[in-house]
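See below for the structure under consideration.
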């Protein structure tokens, strides 16, 4: 059973919500983050990436950066940009991209559910990334970026969400990237109780995106427990900010690949080697995106090809080995191009599907030699890997649209 509780939210005033809401901190490099905070002074990015307040020679992870984040958060609360709801409630968060809607429940998930594997993971985390967010959460005394969670759709929850969306939203705006955002509060005690009870019937919740933020939130919670040996388990530091989506509303986009060289091979030899495990069909200059599993687009020397994995390499029940990202890695990128560890190899780059196929062509024209368009990993595949207690290869999923930071803030004490 999962514990998913309402909370007293810190959030923007309605008239500035569209200015405060910011893309996640990790989609920007330092220069881009500074440009964005200069473009929009109210952007919550100035808190999530407080190094933007300092000269470029100040280290991103300098302790004074986190102190500045705390100061800026406090200032926004004091000047009324951010308000605090007096009652605990759930929130409904709808994002609409290109006419397609997905709606999640904003709530707090339990760190114990994370530790006990009720909340399932599919990705390793890096210590340096964890330390950054641990410091940010601990010093700010707040979680500012929600974790993207998924669960198998539950009828009672879906009905309450649908009913709540009939009310007037507290926020309704379109961000500069064209995504429309709607937010509703769920304050009815009966509905709150029904949502709580419904989640007790759900025994598995999955991290879709935000593994580092989740791990960091949990470690801050454990640190607070050590500092408060008489803790009851009800303190806010025992929970972390989340948006939970039913599986049938989610869209995963492909995470495409590009590689700098052909590992010393000429084009003809490279294609010949590919034919050992893939059927290769010449497409031409028209960009090609695969329409089914176990097929791949390849852009090389100004032309597109379709690669279809042969049955001999698809004949596995292992939930990781059968993934398209694994087939490409295990039977082409590693054996032919010598990309042994894509996490660290500087010869490979990953390109989110939101950028489109023209971005693959641009990269090949600019600094790469070959690029691969992927068929997206499905949410069921993500569930299967997580249920098996295994890890997905790096850059297996690209979720769109991205959740905004600054619309919902969870204070730890």
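Just so it is clear, none of the values below were taken in a lab; they were calculated from the coordinates. In this text, all values refer to a predicted model and were calculated from it rather than measured experimentally. Here the Cβ is made from the backbone with ideal geometry for all residues, glycine too, and neighbour counts use every protein chain on show.
Sorting 68-79, 231-242 by average packing, meaning the other beta carbons within 10 Å per residue, from highest down gives 231-242, 68-79.
Computed from Cα atoms, the angle from the helix 127-140 axis to the main principal axis of the chain rounds to 20 degrees. Potential lengthening of the chain between residue 292 and residue 235 amounts to 15.8 nm, from the contour at 0.36 nm per residue minus the alpha-carbon distance. The mean sequence separation of alpha-carbon pairs under 8 Å and at least six residues apart, normalised by the residue count of the chain, gives a relative contact order of 24 percent. The Stokes-Einstein estimate for the chain, based on a Kirkwood radius over Cα pairs and taken at 37 °C with 0.692 mPa s viscosity, is a diffusion coefficient of 144 µm²/s.
Could you calculate the FRET efficiency of residue 272 with residue 153 from 1/(1 + (r/R0)^6), where r is the beta carbon distance between them and R0 is 56 Å, rounded to 0.05?
0.75
Helix 189-200 and the longest principal axis of the Cα set of the chain meet at an angle near 40°. Where only DSSP H runs of four or more residues are counted, the chain gives -9000 deg cm²/dmol as its mean residue ellipticity at 222 nm, each run worth -39500 (n - 2.57). Here the gap between residue 225 and residue 330, fully extended at 0.36 nm per residue and compared with their Cα-Cα distance, gives a gain of 33.5 nm.
Quick one: among 94, 189, 359, which has the greatest mean-square fluctuation in a GNM of the chain with alpha-carbon springs under 10 angstrom? Maximum fluctuation in the GNM of the chain, among the listed residues, is at 189. A Förster distance of 60 Å, applied to the separation of the beta-carbon atoms of residue 77 and residue 124, puts the FRET efficiency at 0.95. Quick check: the angle from helix 357-366's long axis to the longest principal axis of the chain, C-alpha only, nearest 10 degrees? Compared with the principal axis, the helix lies near 60 degrees.
Dividing the alpha-carbon Rg of the range 255-375 by 2.2 N^0.38 Å yields what?
On the way: Rg = 13.2 Å, N = 121, 2.2 N^0.38 = 13.6 Å.
So the Cα radius of gyration is 0.97 times the expected 2.2 N^0.38 Å.
Given a Förster radius of 25 Å and the C-beta distance between residue 202 and residue 355 as r, what FRET efficiency does 1/(1 + (r/R0)^6) yield to the nearest 0.05? The formula returns an efficiency of 0.15 here.
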